[in-house]
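Where a number appears in this text, it was derived from the coordinates with a stated rule and is not lab data. All values reported here derive from a predicted model rather than from experimental measurement. Cβ placement follows ideal geometry from the backbone for every residue including glycine, while neighbour counts extend to all protein chains displayed.
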Amino acid sequence: MDILKFITAGSVDDGKSTLIGRLLYDSESILADQLEALHRSNRKNDDGSIDLAILTDGLKAEREQGITIDVAYKYFQTDKRKFIIADTPGHIQYTRNMVTGASNANLAIILIDARKGVIEQTIRHSFLVSLLGIQQVVVCINKMDMVDYSEAVYENIVNDYKALSYKVGLKNIKYIPVSALKGDNIVYPSLNIDWYKGDSLLHFLETVELEVDDSKAHARFPVQWVIRPQTDDLHDYRGYAGRVSSGSFKVNDKVTVLPSGFHSSIEKIELLDEEPDEASAGMSVTIHLKDEIDISRGDILVNTQYQPEVSQLIEADLCWMDTRTLDTSLTYFIQHNSKVTRCRIQEILYKVNINTLEKEYNEDFKLNDIGRVLIKTAEPLAFDLYQNNKANGGAIIIDSRTNVTVGALMLRAIGE
Amino acid sequence: MSKHQLDYLDELEAEAIYILREVAGQFEKPALLFSGGKDSITLVRLAEKAFRPGKFPFPLVHIDTGHNFIETIEYRDAMIKRIGEKLIIGHVQDSINEGKVVEQKGKNASRNALQTVTLLDTIAKYQFDACIGGARRDEEKARAKERIFSVRDEFGQWDPKRQRPELWNIFNGKIHKGENVRVFPISNWTELDVWNYIRREKIELPSIYFAHKREVITRNGQLMGASPFLNMDDDDIIENRTVRFRTIGDMTCTAAVESYAYHIDDIIDEISASKISERGARMDDKVSEAAMEDRKKGGYF
C-alpha cells in the first residue's frame with residue numbers, strides 16, 4: 001500500500017467541502033461519534049439531508065463564516081491506498097493557502113460547477129497547479145444534477161478545459177461528471193449519468209499510476225545533522241544524517257559535497273541496525289563517506305556525475321504570502337532544504353495576472369501576487385531547476401524581522 | 001506509483017525521522033514531550049532511528065498530573081533505563097502547591113486542564129525553544145489545520161491566524177526569544193498507522209492498552225477506571241469489567257472501552273472495525289464542539 005496526497009481546488013460554491021465530505025462518508029471513513037456530531041449539528045441542506053461539508057470545516061472562525069480559510073488535512077484509506085487530502089480554500093485572497101497545499105500534492109482535483117463552466121477561478125487554480133508542478137489533474141464537473149445530467153453540458157466544459165490546459169501547460173487530465181451532493185460518481189458509479197462509462201472519482205484515485213518525479217531525478221542528499229557520538233568505542237564514528245530528496249545512492253557511489261566541491265564515495269548506508277545497499281528518494285538514512293571531509297548541516301551530497309546548478313544569482317517564480325509588500329531593498333532569509341542564508345530580491349522581472357495569465361510590469365509585489373524575480377543570495381545555493389526536481393528546486397523566503405515565511409520560490413534558472 | 005515508491009509505513013517513518021532531525025538542526029534547546037502514551041512511545045522509537053548511535057539531542061519531558069495510571073509510570077521508568085536518555089518531570093502537584101492553579105471540584109474534576117500551566121512553566125524554566133509532541137491531525141477537527149512546526153507566543157498560545165505556511169519539506173523554525181515551537185513529527189499518521197507501526201517495530205507498550213480486568217464506573221455513558229483520583233458518590237456503581245484503554249491520559253478523563261483485545265493483532269482488528277474514534281473516549285473534548293480549539297489556543301498540546 002502506498003500514499004497518495006492530493007489537493008482539492010474549488011470554492012465553497014462549487015461544493016468542494018461537500019465533495020470531500022461525500023468521499024469520506026461514502027467510503028465509510030467517518031466514525032460513529034463523528035457521525036453523531038454530524039447529525040447533531042444544526043446545519044442541514046435545503047432538502048433536510050445532512051450537510052457533509054461540516055466534516056471538513058475545522059476552526060470556529062470558519063464555521064462562523066462558512067468558508068475554509070486555511071489548509072485542512074484529512075486522512076482516509078481504502079484497502080488499496082492511504083490518502084492525504086489537503087483541503088484548501090478557493091478564493092483569490094487565499095491563493096497562498098492553495099500554493100501551500102499544492103506544494104506537497106501528487107494530484108489535484110479541480111472542481112467546476114456544471115452551471116458555470118470554466119470561469120476565472122478555474123484558470124487561476126489550473127495555473128497554480130501547473131506552477132507547482134502537480135503531474136496529475138482530475139477535473140470534476142460537479143452539480144451535474146442541476147443541469148439534468150446533460151452530456152452536452154459536460155462535453156462543452158471538457159472542450160473548454162482542454163483549451164485552457166494547453167495554455168497553462170497541464171498534461172495528464174482525467175474528466176469525471178459528478179454530483180457531490182447526490183453522490184453521483186464520487187464513490188459509486190452513477191445511475192443518473194449512464195452516458196459516462198469511466199471511473200468514479202474514488203476508483204480513479206485508488207488506481208491511478210503516478211510517476212514519482214523525485215525518484216527519477218538525480219541523486220541529492222541534503223545533510224540535516226552530523227552524528228558524532230565521540231564515545232570511547234565510537235571515537236571515529238561520523239555519520240551524515242538526512243533524507244534522500246531525489247534519485248538514489250548506492251554504496252561505493254561517487255559523491256560530491258556542495259557547495260564546497262569536495263569528492264568522496266559512499267562507504268556505508270545506515271538505518272538504525274540495518275545497512276541497506278541503496279537509499280532511494282524519500283528514505284531517511286545515515287551516510288558514511290570513505291574520506292574525512294568537513295561537512296555540516298546545509299551541505300548537500302550529490303551524485304558526482306550529475307551535479308546541480310551552483311549559483312548566487314537565481315531566477316525564480318515567487319508567490320508572495322505576506323500582508324507586507326515585498327521590499328526589494330530589504331535583506332531576507334532564504335531557506336532551501338537544510339540551508340539558510342541571506343538574500344535580496346534584486347529585481348522583479350514581471351508579475352502574472354493569475355486570472356487572465358497576462359504579464360504585468362509594476363513594482364508592487366503584494367500578498368498572493370505571483371511572478372518572476374531575480375534573487376541574489378549571500379552564499380551559493382546548490383539547486384536543481386524546479387521543473388526537473390521539485391525537492392531540490394523549491395525554497396522559501398523568511399522575513400528577518402518577523403521570522404514569518406513570506407514567500408514560496410520555484411527556482412527556474414541561473415540568473416544573469 | 002512507481003517502483004521506487006516506499007511502503008506507506010516506511011514513508012511515514014522517513015518523514016518523522018526527517019522532522020526530528022530538523023528539530024535537532026534548527027533549535028538550541030529542544031525537548032520531547034513524553035506522556036507514556038503510544039504516540040510518544042512511537043516518537044521515542046523514531047528518535048532512536050534518527051540519532052543512534054548518538055544520544056538524543058534533547059531530553060524527554062513528562063508532565064505528571066499525579067493522577068497517572070501506575071502502569072504508565074512503571075513503563076516510563078523502565079524505558080528511560082533502557083534507552084539511557086535524560087528525563088525531566090514537571091509535577092502538576094507543584095503548580096497546585098505554588099498556588100498557580102486550583103484543583104477542580106465536583107464530580108467531573110480532573111487535573112487534565114491544569115497540566116497546561118505546568119507545561120508552560122516547565123518550558124520557561126528550562127528555556128525550551130522546541131517541544132516535540134505526538135499529536136496527530138486525524139485526532140480532532142481543530143488539529144487538522146495544525147502545522148508540523150507550530151509557533152507559540154511567549155504565553156504558549158496558538159493563534160490559528162498566525163500560522164506559517166509550510167511548503168514542500170521546508171520547515172521554518174526561526175523564532176523570537178521567548179517564543180517556542182511545538183513540533184509534531186507524526187502529524188500525518190492515523191491511529192491505525194501508529195498501531196501498525198508498533199506491530200511492525202515490535203514496540204513494547206504499557207499493559208493497560210491491552211484487555212484486562214478492571215473496576216470501572218459508568219459516567220456520561222463512558223467507562224471510567226475506579227481510582228482514588230475520581231470523585232465518586234453513591235450513584236456510582238463499581239463493576240468489574242474486561243476493558244482496555246485506547247488513549248492514555250489522566251485517570252480522571254481517560255475512558256476505557258470494553259474489549260477482549262489481548263494482543264496487538266486483536267487491537268488492530270478492533271480499530272479497523274471500530275465505530276468510535278480515539279478521541280471519542282476523551283471526556284475533555286465533549287464539552288463543546290470547539291472544545292479542543294479553545295484549549296489549544298490556551299497552550300494545551
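Taking square-rooted eigenvalues a ≥ b ≥ c of the alpha carbon gyration tensor, is the stretch A:309-414 rounded, prolate or oblate, where a/c under 1.5 means rounded and, failing that, a/b exceeding b/c means prolate?
Details: a/c = 1.67, a/b = 1.21, b/c = 1.39.
Oblate is the answer for the stretch A:309-414, as a/c is 1.5 or above yet b/c matches or exceeds a/b.
Could you tell me the center-to-center distance, by alpha carbons, between the stretch A:86-138 and the stretch B:227-272 in angstrom?
About 45 Å separates the Cα centre of the stretch A:86-138 from the one of the stretch B:227-272.
Over the protein assembly as shown, one equal point on each Cα, no solvent: what is log10 I(q)/I(0) by the Debye formula at q = 0.09 Å⁻¹?
-0.83
Would you mind telling me the antiparallel percentage of the DSSP bridges in chain B, rounded to 5?
Details: 20 of 33 bridges.
Taking every DSSP beta bridge with both residues in chain B, the antiparallel ones total about 60 percent.
With +1 assigned to the C-beta of every Lys and Arg and -1 to the C-beta of every Asp and Glu, and no other charges, what is the dipole magnitude of the protein assembly as shown about the Cα centre in debye, to the nearest 20? Could the numbers behind the result be given before it?
Numbers: 91 positive and 111 negative charges, 228 e Å.
Charge dipole of the protein assembly as shown: 1100 debye, to the nearest 20.
From the gyration tensor of the Cα coordinates in chain B, what semi-axes in whole Å does the equivalent ellipsoid have, largest first, with each one equal to sqrt(5λ)? Mind dumping the intermediate values first?
Values: eigenvalues 173, 118, 68 Å².
Here the semi-axes work out to 29, 24, 18 Å.
Non-local amide H neighbours of residue A:7 (under 5 Å, H modeled in plane, Pro and chain starts lacking H): which ones?
A:86, A:107, A:108, A:109
In debye to the nearest 20, how big a dipole does the stretch A:309-414 give about its Cα centre with +1 on each Lys and Arg Cβ and -1 on each Asp and Glu Cβ? Spell out each step's value before the answer.
Values: 12 positive and 14 negative charges, 46 e Å.
Roughly 220 debye for the stretch A:309-414.
Rounded to the nearest 0.05, what FRET efficiency do residue B:179 and residue A:362 have when you use their Cβ-Cβ distance and R0 = 22 Å? Spell out each step's value before the answer.
Values: r = 36 Å, r/R0 = 1.62.
Here the calculated transfer efficiency is 0.05.
Pairs A:74/A:390; A:74/A:116; B:55/B:81; B:38/B:202; B:29/B:174; A:74/A:339: which are spaced more than 19 Å apart, C-alpha to C-alpha? Kindly include the intermediate steps, with their values, before the conclusion.
Working: A:74/A:390 23 Å; A:74/A:116 28 Å; B:55/B:81 14 Å; B:38/B:202 12 Å; B:29/B:174 13 Å; A:74/A:339 30 Å.
As for pairs spanning more than 19 Å Cα to Cα, those are A:74/A:390; A:74/A:116; A:74/A:339.
Determine ³J(HN,Hα), in whole Hz, for all residues of the stretch A:161-177 in sequence, where each value follows from phi through the Karplus function 6.51 cos²θ - 1.76 cosθ + 1.60 and θ = phi - 60°; x replaces Gly and Pro.
Once rounded to whole Hz, the list reads 5, 4, 4, 5, 5, 5, 5, 8, x, 9, 10, 7, 10, 10, 10, 9, x.
Treating only the Cβ atoms of Lys and Arg (+1) and Asp and Glu (-1) as charged, compute the dipole magnitude of chain A about its Cα centre; round to the nearest 20 debye.
Values: 45 positive and 61 negative charges, 156 e Å.
It comes to approximately 740 debye.
Distance from a point 7 Å along Cα→Cβ of residue A:347 to each backbone N in the stretch A:387-416: keep the residues under 12 Å and list them by number.
A:415-416
Mind listing the long-range amide H neighbours of residue A:413? Cut-off is under 5 Å, sequence gap 5 or more, other chains count too, H placed in the peptide plane at 1.01 Å from N.
A:315
With all distinct Cα pairs included, what does the Kirkwood hydrodynamic radius of chain A come out to in Å, to one decimal, could you say? Write out the running numbers ahead of the final one.
Values: mean 1/r = 0.0429 Å⁻¹.
Computed over Cα pairs of chain A, the Kirkwood hydrodynamic radius comes out at 23.3 Å.
From the residues B:261, B:90, A:94, which one has its Cα farthest along the dipole of the protein assembly as shown in the positive direction, the dipole being from +1 and -1 charges on Cβ of Lys/Arg and Asp/Glu about the Cα centre?
A:94
Given the C-alpha centroids of the stretch A:337-374 and the stretch B:57-130, what is the distance between them in whole angstrom?
First find each Cα centre; the distance between them is then 47 Å.
Could you state the orientation-averaged shadow area of the convex hull built on the Cα atoms of the stretch A:241-290, in nm² to one decimal?
Details: hull surface 13.1 nm².
That works out to 3.3 nm², a quarter of the Cα hull's surface.
Can you give the FRET efficiency for residue B:153 and residue B:240, using 1/(1 + (r/R0)^6), R0 = 51 Å, r = Cβ-Cβ distance, to the nearest 0.05?
FRET efficiency, residue B:153 to residue B:240: 0.60.
Divide, for the stretch A:344-396, the radius of gyration over alpha carbons by 2.2 N^0.38 Å, where N is the residue count. Let's see the in-between values first.
On the way: Rg = 12.9 Å, N = 53, 2.2 N^0.38 = 9.9 Å.
Ratio of Cα Rg to 2.2 N^0.38 Å: 1.29.
What are the residues whose amide H is under 5 Å from the amide H of residue A:76, where those residues sit 5 or more places off or on another chain and H is modelled from the backbone?
Residues meeting the criterion, in which the H sits 1.01 Å from N, are A:83, A:85.
Report Rg (one decimal) and Dmax (nearest whole number) for the stretch B:1-61, counting Cα atoms only, units Å.
13.0, 41
Pulled fully out, how much extra length does the chain show between residue A:209 and residue A:330, if you take 0.36 nm times their separation in residues and subtract their Cα-Cα distance? If you can, show how the numbers build up before the last one.
Working: separation 121, 0.36 × 121 = 43.56 nm, distance 4.46 nm.
Value of the extension gain: 39.1 nm.
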